[in-house]
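The values are calculated or read from the model by the stated rules, or taken from the named source; none is laboratory data. Since we're looking at a predicted model, the values are computed, not measured. Virtual Cβ from ideal backbone geometry, glycine too; neighbours counted across all protein chains shown.
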Amino acid sequence: MTFGIKGNKNREELAKVVFNLIKDLNKRKIRYVIDKEIAKTISSKFKYRIAQKFCASDKEILSKSDFLVSIGGDGTFLSSAKLVGRKNIPIIGVNLGKLGFLAETSTNDIDKFIAEINKGKYKIEERTVLSARAGNSKKTIYGMNEIVINQTGLVKTIVIQAYYNNQLVNSYHSDGLIVATPTGSTGYSLSAGGPIVYPKTAVFILLPLSPHTLTARPVILSDDGVFKVKIMSEVAITVTADGNSSIKLNSPAEIEIKKAPYTAKLAKSLNSNYFKVLTRKLFWGADIRK
């Protein structure tokens, strides 16, 4: 079993975390490959030479790894999910950020968690991925968290019609629109006033961004349907998936959003508990008066 190691290279502490990790993996005789840029930083900072056979490009990491270790925040995890795509490589999230809803372990415990996985003591959670394609574009983008449609440049309300299985759900006067997965319910969707949805629920969340009416509320719909979103205002539009890939459009335009033909795989501890994560991250039950 081989573990690919990637992380947020903008975080200064990443090199130290990975350095400690690979020393432990060497002791445990667990195979790994490491992002060659991270390896170069470790070599420079700690005068520790990593053999060339353990260093790899993104493409090589995917071809050699059984698991991908993603060290950073949720943004790093989402970038890792985009990199993996439909290759079915489970991702191990390691929290180096603040909230880290997608992280399964901390930097202090990652070596122990990998050792457990190496013994076969883990479970895999599959998460729905969204796909978005504009009617006049050949490009398709994929998002594990959400697809966001908004105006490019100036922020002003635009008219958006949202259809679900060819039925008009609503015509929104808003800053934009979000279609989110249950995984993404604790991301941008939550910040925009959407509900928290259990990750294994087979639904999508549809919600407008800052609607110009108090009656426009989030809607939860089955994930086996297809959204068609029509931009009625004549403005430049950006369709963004997970904040890391986008399509630029000139409206009027139509965007099709539906479930992707593959899922993202998350490596989890056998005693992983989603509600404990929510309690810890969102301070549920905490008495802020203390």
Checking Ser131 against (1) closer than 29 Å to Arg31 by Cα; (2) in contact with a Gly (Cβ under 9 Å, 6 or more places away or on another chain); (3) at pLDDT 90 or above: exactly one of these is not met. Which one? (1)
Given the condition under 30 Å from Asp66 (Cα atoms), part of a loop (DSSP other than H, G, I, E, B) and not charged (D, E, K, R), answer yes or no: does some residue in segment 201-216 qualify? yes
Would you call Leu68 over 26 Å from the mean Cα position of the chain (by Cα) and hydrophobic (A, V, I, L, M, F, W, C)? no
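Out of all the residues in segment 244-266, which are in contact with a helix residue (DSSP H, G or I) (Cβ under 7 Å, 6 or more places away or on another chain) and either over 14 Å from Pro199 (Cα atoms) or outside any strand (DSSP E or B) (or both)?
Asn244, Ser245
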Taking segment 217-243 as the search range and keeping residues that are among the small types (Gly, Ala, Ser) and not in a loop (DSSP other than H, G, I, E, B), which one is nearest to Thr140 (Cα to Cα)? Ala241
Which members of segment 216-243 meet the condition of being acidic (Asp, Glu) and within 23 Å of the chain's Cα centre (by Cα)? Asp223, Asp224, Asp242
Output the number of residues of segment 49-79 satisfying the condition of being under 18 Å from Thr186 (Cα atoms) and either touching a residue at least 40 places away in the same chain (Cβ under 8 Å) or among the acidic types (Asp, Glu) (or both). 7
Does Phe77 count as crowded, with 23+ Cβ neighbours inside 10 Å, in a helix (DSSP H, G or I), of a type in the set (A, V, I, L, M, F, W, C) and not assigned by TED's automatic domain parsing to the domain that holds Asp242? yes
Test: Ile160 is within 24 Å of the chain's Cα centre (by Cα), surrounded by 18 or more Cβ atoms within 10 Å (Cβ to Cβ) and either modelled with pLDDT of 95 or more or assigned to a strand (DSSP E or B) (or both): no
Using the structure shown, decide if Ala134 is in contact with a Phe, Trp or Tyr (Cβ under 8 Å, 6 or more places away or on another chain), aliphatic (A, V, I, L, M) and in contact (Cβ under 8 Å) with a residue 60 or more places away in the chain. no
